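For reference, the structure is listed below as structure tokens.
The values are calculated or read from the model by the stated rules, or taken from the named source; none is laboratory data. Just so it is clear, the model here is predicted, and its values are computed rather than measured. Because the Cβ atoms are built from the backbone with ideal geometry, glycine has one as well, and the counts that use them run over all protein chains shown. Just the protein is used for accessible areas: all its heavy atoms, side chains included, with ligands, DNA and RNA removed. Shrake-Rupley method; radii C 1.70, N 1.55, O 1.52, S 1.80 Å.
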Amino acid sequence: MKKTLILAIFVIIYCNVHAQWTTLTIGTNKSLMTVFFTGPNTGYAAGVQGTIIKTVNGGDTWTTLNSGTSNQLFSLYFTDADTGYAVGMAGVILKTNDAGTNWETLASGTIQNLFSVFFIDAKNGYATGTNIILKTIDGGKNWTKQNQSTQYILSTFFTDVNTGYAGGSLGTILKTTDGGIVWTKVRGVFYEGALRSIFFTDSITGYAVGDKGVTLKTSDAGINWTAAPQVTGDNLNSAYFTDSNTGYAVGEGIYSTAIILKTIDAGNSWKILEAPETIYAGGLYSVFFTGSDTGYAVGMTGRILKTVNGGEGVGTGISPFKQEDSAIVKL
């Protein structure tokens, strides 16, 4: 009896110590393409069929919001606790002014798919997608075409009101220094695949991740980009840095398994972190950290992973849904 009790205590301690990524139960099997938190406890995720869900307790429970659209949503961005935007297929742009209770459909002026939304402040924002870059200077009331790009623009990041970067198909990176009036290529066409996420930690230091495990870094505001040694050939969909040295990238591997990478030396090298896997586990499309140790990653079939200790180690969560929907748009 005593040996059994000791063994049970050991198993509990072991699981708690090693449960660095756990799978949250959220009540949906709709694939989630994007996650964004406005505070340590309040966050949103969005994805296929216009799905938007919200948590106010750090992911313990999630509620489904009424987005008013059935179009797939690819990207979320909040400018404050109440005001947020979502973009997706067929030019859809949504806005909330009441922390997600109600969503208004904005006139985007396009039917092109929109993959990324980024706001510099409450008024100035960008939405990018299939051969298009849109800009608003009035909080989404009006959107104007800034550049008829010849590339799929999958990710956008601005370091100030004038300076921004966009990454997309064929490994191309664009840069603007005049608030989007003119965009120039700072990295030409490469055939390793699409660059799906861009993140800058300061005005000159930035990162881009994408297909076939590519991880790029610039230390001179985009003039030059260098690739770190590859640790995976899997596609990377999203990157997030918690400080100048520590960053994460998530994606999907063979058979749609999750891939999570971490760097602690400012992107010079990356290592693979273990993620909880089951037969129905799926790849990851977006990652967001609310602090140095606490982060979330979302993906296929309503999957949400959470870490509270910097993602190190292997998780113990079980994915509650089977892989049923396949409405993911891939390039």
Can you bin the stretch 175-250 into rounded, prolate or oblate? Criterion: square roots of the alpha carbon gyration tensor eigenvalues sorted a ≥ b ≥ c, rounded for a/c under 1.5, prolate for a/b above b/c, oblate for the rest. oblate
Relative contact order of the chain, defined on C-alpha pairs under 8 angstrom at six or more residues apart (%): 16
Any residue on another chain or 5+ positions along whose placed amide H is under 5 Å from the amide H of THR215 is listed here as ALA228
For PHE190, which sequence-distant residues (separation of 5 or more, or a different chain) have an amide H within less than 5 Å of its own amide H, given hydrogens modelled in the peptide plane? GLY171, THR172
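Holding the Cα-Cα limit at 25 Å, pick out from LYS123/LYS217; LYS185/LYS212; LYS135/LYS175; LYS175/LYS271; LYS54/LYS212; LYS145/LYS262 the pairs that are longer than that. Mind dumping the intermediate values first?
Values: LYS123/LYS217 29 Å; LYS185/LYS212 22 Å; LYS135/LYS175 15 Å; LYS175/LYS271 29 Å; LYS54/LYS212 32 Å; LYS145/LYS262 36 Å.
Pairs exceeding the cut-off: LYS123/LYS217; LYS175/LYS271; LYS54/LYS212; LYS145/LYS262.
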Per residue and in cubic angstrom, what volume does the convex hull of the Cα atoms of the chain have? 125
Local electrostatic count, PHE36, Cβ distance below 15 Å [Lys/Arg +1, Asp/Glu -1]: +1
Using alpha carbons only, how many angstrom separate the centre of the stretch 97-112 from the centre of the stretch 126-170? 17
Give the carbon-plus-sulfur fraction of the accessible surface of the stretch 35-86 in %, rounded to a whole number; probe 1.4 Å, heavy atoms of protein chains only. 42
Using the Cα atoms of the stretch 139-266, I'd like the radius of gyration and the largest Cα-Cα distance, Dmax, both in angstrom. 14.5, 44
So ALA227 and PHE190, fully extended at 0.36 nm per residue minus their Cα-Cα distance, gain in nm 12.1 nm
The stretch 96-186 - percent of accessible surface contributed by carbon and sulfur, probe 1.4 Å: 51
If you line up the long axis of helix 2-18 against the longest principal axis of the chain, both from Cα atoms, how many degrees apart are they, to the nearest 10? 10
Per-residue HN-Hα couplings for the stretch 226-239, Karplus 6.51 cos²θ - 1.76 cosθ + 1.60 at θ = phi - 60°, whole Hz, x for Gly and Pro? 10, 9, 6, x, 6, 10, 8, x, 7, 6, 10, 9, 7, 10
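Sum -39500 (n - 2.57) across every DSSP H segment of at least 4 residues in the chain, then divide by the residue count to get the 222 nm mean residue ellipticity, nearest 500. Don't jump to the answer; show the numbers that get you there.
Numbers: 1 runs with 17 residues, N = 331.
Value at 222 nm, helices only: -1500 deg cm²/dmol.
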Keeping all protein chains in place, calculate the accessible area per residue for the chain (probe 1.4 angstrom), answer in Å². 41
Around ILE133, which amide H atoms from residues at least 5 apart in sequence, or from another chain, sit under 5 Å from its own amide H, with H modelled in the peptide plane? GLN146, ASN147, SER149
Calculate I(q)/I(0) for the stretch 11-163 by the Debye formula, one identical point scatterer on each C-alpha and no solvent, and give its log10 at q = 0.10 Å⁻¹ to two decimals. -0.37
